[in-house]
Amino acid sequence: MEEEKNGLQELNSEQEIVLSIPQDNGSTKIFTVTRKKAITMAGILSVLFVCLAGAAGFYGWQYHHSKIDKTAYQEYMDHKTEQEAKLQSLLDDNEKMLRDMSEIHTLETKLRRAVIQNSSDRDFTSNLDSIGTTPGVKSTDPAYNGKGGPGADITMLDVAAAQNKNLTAQIDRQKKNMHELLTIIEGRNNRLSILPDLWPTDGGVISSYYGGRTGPINGGFDWHPGLDIAVDIGTPVYAAAMGTVEMAGWNGGYGQFVKIRHGNGYESAYGHMSGIAVTTGQQVRKGEIIGFVGSTGYSTGPHLHFEVFVDGENIDPLYMLKKAK
């Protein structure tokens, strides 16, 4: 009995499982496996499925995060490129501003020296020296005052931006200095241009000086209020200074006559001309042609009669002309 029972158990453990699989030709293919083998195969397949599922999950997670890492890296590289471009642009701007500022400073220095060397006006030169200086502070006259230190958490972009800001401010100061310098120079030139110190003809000789003399027509004592400059008829007559024409026309013994008001009490007059090239009220520049030498009015021959007035009083024109002649 015991042997029969063991045999039955062994038979049951080796019980076969029949699998019928239909074929394309209509027949059926039969596979038989023992129950024990079937259980073993099922276990192996389960393990394989779990391994494949785990592998798929791992590689899926890695692929997803790989895409995120690539995007972040690309964004970092783009930002880095942008920052490098900004830095290079700032450095280029700084270099250009330094060159421009150096050129402006050099021009300003040369201009100051040239003007001061040709001027005896103390007020003028002191005004030039005061440009760009702070009262009570001694200037070292630098092109650029640099400051700095070891710093902390500072990038080169921050440094370049700070330099850019300081250079811009320095250039603005230089521009202001140049503007003030030009204003002073223009003011000086205007003051000089209203002084009737320009010789009023092309060449010529003084045929009669300012002051007492023998009358050229009737003899006897005569007071001559100006200069007579003998020169060829038709020679241009120039305004001795800038100003406004007060009179242009016939004026008794002066003949064809022009009088110009220059400002600050200065006036000049021109007589005996053969022709007049300006009109009353006209603005004239220093050296502008106002007429032509002649012998009109009380005159013994071609010449220009030239007078200078200060606050309505005649003065010797040579006080003005001897600087220019």
Exercise. List, please: which pairs have Cβ atoms under 8 Å, are six or more places apart or on different chains, and start with a residue in segment 254-275 that is farther than 14 Å from residue 306 by Cα and outside the structural domain of residue 237 (by TED's automatic domain parsing) and end with one that is among the polar types (S, T, N, Q) and outside any strand (DSSP E or B)?
Worked result: none
Exercise. Taking segment 74-91, which residues are under 17 Å from residue 160 (Cβ atoms) and among the hydrophobic types (A, V, I, L, M, F, W, C)?
Worked result: 85, 87, 90, 91
For this session: State whether one or more residues within segment 254-261 are more than 42 Å from the chain's Cα centre (by Cα), basic (Lys, Arg) and in a strand (DSSP E or B).
Result: yes
Seminar exercise, completed: Of the conditions (1) acidic (Asp, Glu); (2) buried (at least 22 other Cβ atoms within 10 Å of the Cβ); (3) touching a helix residue (DSSP H, G or I) at 6+ places or on another chain (Cβ under 8 Å), the single one that residue 228 does not satisfy is (3)
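The values are calculated or read from the model by the stated rules, or taken from the named source; none is laboratory data. Computed from a predicted model, the values in this text were never measured in an experiment. In this analysis, Cβ positions are derived from the backbone assuming ideal geometry, glycine residues included, and neighbour counts consider all displayed protein chains.
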